[in-house]
Amino acid sequence: MTEMNALPRLPAPPRALRIGDVAPTFQARSTLGEVKLSDYRGKWLVFFSHPADFTPVCTSEFVGIAKAAAEFAARDCALLGLSVDSLYSHLAWVRAIRQKFSVTIPFPIIEDPSMAVGRAYGMIEAQSVDSSAVRATYFIDPEGVIQAMTWYPINVGRSVDEMLRMVAALQRTSDGDVLAPEGWQPGEDLLVAPPQHQHAVLAGDDEHWFFQTQADAGK
């Protein structure tokens, strides 16, 4: 193939965010005033997108998350929502939620009409013309590092109980000494981090060295 007939080379897409990445910074308008990601340094943050205001699944999620806001706050964990809808759409939706459910949304919902924030986080595909592809949630630690991510399709709502459990498990295991087993809830036994060298394994007489538990002493 000659140079003249060669197809144009498209730029490589940006690398998707991964666990351990520093969360991309941003500043945006929200239902509770101007918001910067740096405002949340020093505490945990659950940052989540929703496809659109005034939609049934999103409304059910926001009502559920709002009702659990005190439980997140008790864990020193803030909440922050996002969609491409305008600030005024957010404000009208918040009002409608209060009128129908008697629930006030206590956390900010930021607008992202340019989709810049959503694309920076991978919540929206670079070629997408709207935000209706995914419900993304990022669990960000006090240093601004992404510690977990979950993605749901537009037709399935997230579990608020699982969001709370994820925060609790990440906080409890953050020092690396213990691990959270399947379905772990605060107060239940944790797993002890197994030895990383054969000397430690061979020195003991417990054949189940790879699966040891300890009581949850809390933090």
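Structural remarks
- Checked against the criterion of being of a type outside the set (A, V, I, L, M), within 22 Å of Thr150 (Cα to Cα), surrounded by 19 or more Cβ atoms within 10 Å (Cβ to Cβ) and modelled with pLDDT of 95 or more, the stretch 79-97 has at least one qualifying residue.
- Within this structure, Val156 passes the test of being within 17 Å of the chain's Cα centre (by Cα), surrounded by fewer than 18 Cβ atoms within 10 Å (Cβ to Cβ) and at pLDDT 85 or above.
- Options Ala148, Ala74, Ala136: the member that is small (Gly, Ala, Ser), exposed (fewer than 15 other Cβ atoms within 10 Å of the Cβ) and at negative phi: Ala74
- Flag for Ala73 being within 18 Å of the chain's Cα centre (by Cα) and assigned to a strand (DSSP E or B): no
Results for (1) among the polar types (S, T, N, Q); (2) free of Cβ contacts under 8 Å to residues at least 12 places away in the same chain; (3) under 20 Å from Glu162 (Cβ atoms), shown as yes or no for each residue.
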{"position": "Val22", "(1), (2), (3)": "no, no, no"}
{"position": "Ala28", "(1), (2), (3)": "no, no, no"}
{"position": "Asp39", "(1), (2), (3)": "no, yes, no"}
{"position": "Ala52", "(1), (2), (3)": "no, no, no"}
{"position": "Val57", "(1), (2), (3)": "no, no, yes"}
{"position": "Phe62", "(1), (2), (3)": "no, no, yes"}
{"position": "Ile65", "(1), (2), (3)": "no, no, yes"}
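- Qualifying residue in the stretch 119-127 (condition: in a helix (DSSP H, G or I) and crowded, with 17+ Cβ neighbours inside 10 Å): yes
- Only one of the numbered conditions (1) over 27 Å from Ala16 (Cα atoms); (2) buried (at least 18 other Cβ atoms within 10 Å of the Cβ) is not met by Gly33, and that is (2).
- Check on Glu61, modelled with pLDDT of 95 or more, buried (at least 18 other Cβ atoms within 10 Å of the Cβ) and charged (D, E, K, R): yes
- Where a residue in the stretch 103-129 is under 12 Å from Phe48 (Cα atoms) and in the same structural domain as Ser49 (by TED's automatic domain parsing) and its partner, wherever it lies, is loosely packed, with under 14 Cβ neighbours inside 10 Å and modelled with pLDDT under 90, with Cβ under 6 Å and at least six apart: Gly122/Ala16
The values are calculated or read from the model by the stated rules, or taken from the named source; none is laboratory data. Keep in mind that what you see is a predicted model, and the values were worked out from it rather than measured. Every residue, glycine among them, receives a Cβ derived from its backbone with ideal geometry; neighbour counts consider all protein chains shown.
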